[in-house]
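Trainee: Structure in structure tokens, see below.
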Amino acid sequence: MRFDVVTLFPEMFEPFLRSGVTRRAYESKQVDVRLWQLREFTHDAYQRVDDRPFGGGPGMVMQAQPLSDAVMAIRADRGDAAPVVLFSPQGETLCHDQVERWSHSSGAILICGRYEGVDQRFIEAHVDVQISIGDFVLSGGELPAMLLLDSLARLLPGVLSAEASHIQDSFNPALDGLLDCAHYTRPEVWQSPEGERKVPDVLLSGHHQNIEQFRRRSSLSATQACRPDLLEIARARGLLSAADEAWLSSLK
Ligand code: SAM
């Protein structure tokens, strides 16, 4: 799986690619990330890649030519028809299902926008998919690119030390798309500023069935409190049992 990232700030990716659990995936090339400095594709003597918007208005716009040349050079280097992804607030918002699909793909060419955005003609000529990471505006597409690379890498076999651990994460089909349960670790009793806080007894009981029930209920409670829309989806798919429904009713 290979991702080619076109950016004005390749240095932003260096600490990212060398940190945390996903580092293994990048270093082993299980996820082969290649960085391309957009300025190397400009014909401008001053290496400019942006210009003022036609029609006036604030800010600058990324020019089509350097982006187009970068995509064509990467295509020649890859020798395949990898999709071109532009990070943009106008794209479809990234979600678990999409990340899962990318984790099974052979990769893509990722375009990190800057300034006011990208000349529309480049988008029409080259871009296959636009991805947003939420209804807010960042200064550039580098953080969204890292978000995609991080979230897909942790889904790959062997990347997380406990191989199955992503399966228990929020949004995962194994959790019926619900949010993750509450987690606790040592010490059993923690002295918080407001007083003693103890780990729920059931987690210390060693009774696996009761622990599973506690976790399911914790997951249902969190989802009801924070993302009731996910509960509705799970319900519509017939994924909530009678015991789940009884627990949810008891919370109301
Ligand atoms: N003028 C654009 C708009 O209002 O839609 C915003 C441009 S933003 C300042 C510069 C670049 O950051 C964008 O071209 C895009 O690559 C990236 N970006 C900003 N917010 C984003 C988001 N929510 N999701 C994905 N990319 C984003």
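Trainee: Kindly evaluate E100 against the criterion of being farther than 19 Å from P53 by Cβ and not in a loop (DSSP other than H, G, I, E, B).
Mentor: Numbers: farther than 19 Å from P53 by Cβ: yes; not in a loop (DSSP other than H, G, I, E, B): yes.
Yes.
Trainee: Follow-up question, since we're still on this one. Filter region 159-183 for residues that are at pLDDT below 95 and over 24 Å from A236 (Cβ atoms) and give the result.
Mentor: Answer for region 159-183, where residues must be at pLDDT below 95 and over 24 Å from A236 (Cβ atoms): V159, L160, S161, A162, E163, A164, S165, H166.
Trainee: Suppose we filter region 124-147 for residues that are part of a loop (DSSP other than H, G, I, E, B) and open to solvent by less than 60 Å² (accessible area, probe 1.4 Å); how many remain?
Mentor: Of region 124-147, the ones part of a loop (DSSP other than H, G, I, E, B) are 127-128, 133-141.
From what's left, open to solvent by less than 60 Å² (accessible area, probe 1.4 Å): 127, 133-134, 140-141.
Final tally of qualifying residues: 5.
Trainee: Further, regarding this structure: Specify which of the listed residues (S218, S192, S205) is crowded, with 16+ Cβ neighbours inside 10 Å and polar (S, T, N, Q).
Mentor: Values: S192 fails: crowded, with 16+ Cβ neighbours inside 10 Å; S205 fails: crowded, with 16+ Cβ neighbours inside 10 Å.
Matching residue, one of S218, S192, S205: S218.
Trainee: Right, another one. Based on this model, can you work out whether G113 counts as within 26 Å of V21 (Cβ to Cβ), in a loop (DSSP other than H, G, I, E, B) and open to solvent by less than 40 Å² (accessible area, probe 1.4 Å)? Walk me through it before giving the result.
Mentor: Numbers: within 26 Å of V21 (Cβ to Cβ): no; in a loop (DSSP other than H, G, I, E, B): yes; open to solvent by less than 40 Å² (accessible area, probe 1.4 Å): yes.
Criteria not met by G113.
Trainee: Checking R121 against (1) open to solvent by 60 Å² or more (accessible area, probe 1.4 Å); (2) within 16 Å of the ligand (Cβ to nearest atom); (3) part of a loop (DSSP other than H, G, I, E, B); (4) not aliphatic (A, V, I, L, M), only one condition comes out false. Which one?
Mentor: The single condition R121 does not satisfy is (3).
Trainee: Now a separate question. Would it be correct to say that V99 is more than 15 Å from the chain's Cα centre (by Cα) and either modelled with pLDDT of 95 or more or buried (at least 19 other Cβ atoms within 10 Å of the Cβ) (or both)? Don't jump to the end; show me each part of the working.
Mentor: Working: more than 15 Å from the chain's Cα centre (by Cα): no; either modelled with pLDDT of 95 or more or buried (at least 19 other Cβ atoms within 10 Å of the Cβ) (or both): yes.
No: the conditions fail for V99.
Trainee: In contact with a Leu (Cβ under 9 Å, 6 or more places away or on another chain) and either more than 29 Å from M72 (Cβ to Cβ) or touching a residue at least 60 places away in the same chain (Cβ under 8 Å) (or both): which single residue out of F136, F171 fits that description?
Mentor: Sole residue among the options that is in contact with a Leu (Cβ under 9 Å, 6 or more places away or on another chain) and either more than 29 Å from M72 (Cβ to Cβ) or touching a residue at least 60 places away in the same chain (Cβ under 8 Å) (or both): F171.
Trainee: Another question, if that's okay. In this structure, does R52 turn out to be open to solvent by less than 70 Å² (accessible area, probe 1.4 Å) and of a type in the set (K, R)?
Mentor: Values: open to solvent by less than 70 Å² (accessible area, probe 1.4 Å): no; of a type in the set (K, R): yes.
Answer is no for this residue.
Trainee: Turning to a different aspect of this structure: Go through the residues of region 132-155 one by one and say whether even a single one is over 13 Å from the mean Cα position of the chain (by Cα), at pLDDT 95 or above and more than 9 Å from the ligand (Cβ to nearest atom). Quick ask: steps written out before the conclusion?
Mentor: Filtering region 132-155 down to residues over 13 Å from the mean Cα position of the chain (by Cα) leaves 135-140.
Among the residues that remain, those that are also at pLDDT 95 or above are: 135-140.
Restricting the remaining residues to those that are more than 9 Å from the ligand (Cβ to nearest atom) gives none.
Within region 132-155 (the criterion being over 13 Å from the mean Cα position of the chain (by Cα), at pLDDT 95 or above and more than 9 Å from the ligand (Cβ to nearest atom)), the answer is no, since none of the residues qualifies.
Trainee: What are the residues in region 78-91 that are open to solvent by 80 Å² or more (accessible area, probe 1.4 Å) and more than 10 Å from the ligand (Cβ to nearest atom), if any?
Mentor: Residue satisfying the conditions is A81 alone.
Trainee: Which residues, taken from region 13-45, are open to solvent by less than 90 Å² (accessible area, probe 1.4 Å) and more than 26 Å from P157 (Cα to Cα)?
Mentor: Answer for region 13-45, where residues must be open to solvent by less than 90 Å² (accessible area, probe 1.4 Å) and more than 26 Å from P157 (Cα to Cα): W36, Q37, L38, R39, F41, T42, D44.
Trainee: Got a number for residues in region 165-175 being of a type outside the set (A, V, I, L, M) and either touching a Ser or Thr at 6+ places or on another chain (Cβ under 7 Å) or over 16 Å from Q98 (Cα atoms) (or both)?
Mentor: At the first step, the residues of region 165-175 found to be of a type outside the set (A, V, I, L, M) are 165-166, 168-173.
Imposing the further condition that a residue be either touching a Ser or Thr at 6+ places or on another chain (Cβ under 7 Å) or over 16 Å from Q98 (Cα atoms) (or both) reduces the set to 165, 168.
Looking only at that region, the number is 2.
Yes/no matrix, rows are residues, columns are (1) acidic (D, E); (2) more than 29 Å from S151 (Cα to Cα):
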{"position": "D180", "(1), (2)": "yes, no"}
{"position": "Q191", "(1), (2)": "no, yes"}
{"position": "S219", "(1), (2)": "no, no"}
{"position": "A234", "(1), (2)": "no, no"}
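Trainee: Follow-up. If you take just the strands (runs of 3 or more DSSP E) that sit entirely in region 1-96, which of them hold at least 3 residues that are in contact with a Gly (Cβ under 7 Å, 6 or more places away or on another chain)? I'd like the intermediate steps shown before the answer.
Mentor: Details: elements: 2-7, 32-37, 84-93.
Because the criterion is at least 3 residues that are in contact with a Gly (Cβ under 7 Å, 6 or more places away or on another chain), the strands (runs of 3 or more DSSP E) in region 1-96 that meet it are 84-93.
The values are calculated or read from the model by the stated rules, or taken from the named source; none is laboratory data. As the structure is a prediction and not an experimental result, all values here were calculated from the model. When we count neighbours, we look across all protein chains shown, and the Cβ atoms used for this are built from the backbone with ideal geometry, even at glycine. The protein model used for the area step is the full one, side chains on, heavy atoms only, and it has no ligands, DNA or RNA in it. Shrake-Rupley method; radii C 1.70, N 1.55, O 1.52, S 1.80 Å.
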